[in-house]
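Please read the structure below before turning to the comments.
The values are calculated or read from the model by the stated rules, or taken from the named source; none is laboratory data. Everything quoted here is computed from the prediction, not taken from an experiment. FYI the Cβ positions are ideal-geometry reconstructions off the backbone, even for glycines, and counts take in every protein chain you see. SASA here: full protein model, heavy atoms, side chains in, ligands and nucleic acids out. Shrake-Rupley method; radii C 1.70, N 1.55, O 1.52, S 1.80 Å.
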Amino acid sequence: MGTNSGIYKFVFVLHLLAVIIGFGSVFLAGVFGAKAQARGGREGVAVGEVTYEVSRQWSEWFIYAVPIFGILLVLLSDDEIKFSEPWISWSLLLYVVGLGITHAVQLPNVRRINQLAAELASGAPAGAGSGGPPPQVGELEARGKRAAAVGAVLNLIVVVIVFLMVWQPGRF
C-alpha cells in the first residue's frame, strides 16, 4: 500500500486524532489542578474530580489507541518505515515509560489528592481542633508538588515523542 495510499492516510488521521484528543486533554491537567486548588472547597473538589474522570474515562482510551494506530502505520507503509528505525523504538519505549509513570505514580497520587480535598471540603477535617492546620493540608501540598513535577516529566515525554515523530532522527 505505501504511505501514499488512502488507507495509510486514513489511519494516519486516526493516529493524529488519538494523539490530539488523548494527550492534548491531559497535557493541561496540571492547570486544572492549580485551578482546583485555587478555588478550594466543594468547587475545587468538583474541578479535580471532573479532571480525573475525563482523564480516566476518555483520554486514557485515546492514549491507548496511539501506538495501535502507529504500529498499523508501520505495517501499512510497505517497508518505507521499519520497526528497526531508532525513532520508532525510542518513541515506543518512551510511551511505555510514560504509561508506567502515569499508572504507578501519577494516577494514585491524583486520586489521593482528590480524596484529601474532599475531606477538607466536607467540613471539620481530622485534627482541625488542635489549633493548627488539619493534617490533610500538609499532605495535600506535598502531593500537589509531586503531581506538578511528575506531570512536567510526563509532558516532556510527550514533547520528545512528538519531536521524534516529526523529525524521525536516523531515518534520512
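Quick notes on this structure:
- Global size of the stretch 1-95 as Cα Rg and Dmax, reported in angstrom: 17.6, 56
- In the full protein context, the chain carries 59 Å² of accessible surface per residue, based on a 1.4 Å probe and ignoring ligands, DNA and RNA.
- In the elastic network of the chain, a GNM with C-alpha springs shorter than 10 Å, the most mobile of Pro133, Pro108, Pro67 is Pro133.
- Using a probe radius of 1.4 angstrom, the carbon and sulfur fraction of the accessible surface of the chain is 70%.
- Simple Cβ-charge dipole of the chain, Lys/Arg +1 and Asp/Glu -1, about Cα centre, in debye nearest 20: 320
- Projecting the Cα atoms of Ile113, Gly100, Gly41 onto the charge dipole of the chain, computed from C-beta unit charges around the Cα centre, puts Gly41 farthest toward the positive end.
- Signed unit charges on C-beta, dipole axis of the chain, positive-most listed residue Asn155, Ala18, Ser59: Asn155
- Over the stretch 15-172, relative contact order from alpha-carbon pairs under 8 Å, at least 6 apart, %: 29
- Of the options (1) 18.0; (2) 17.0; (3) 18.6, only one is Kirkwood radius over Cα pairs in Å as computed from these coordinates, and that is (1).
- Each helix, a run of at least 4 DSSP H residues, gives -39500 (n - 2.57); summed and divided by the residues of the chain, these come to -25500 deg cm²/dmol at 222 nm.
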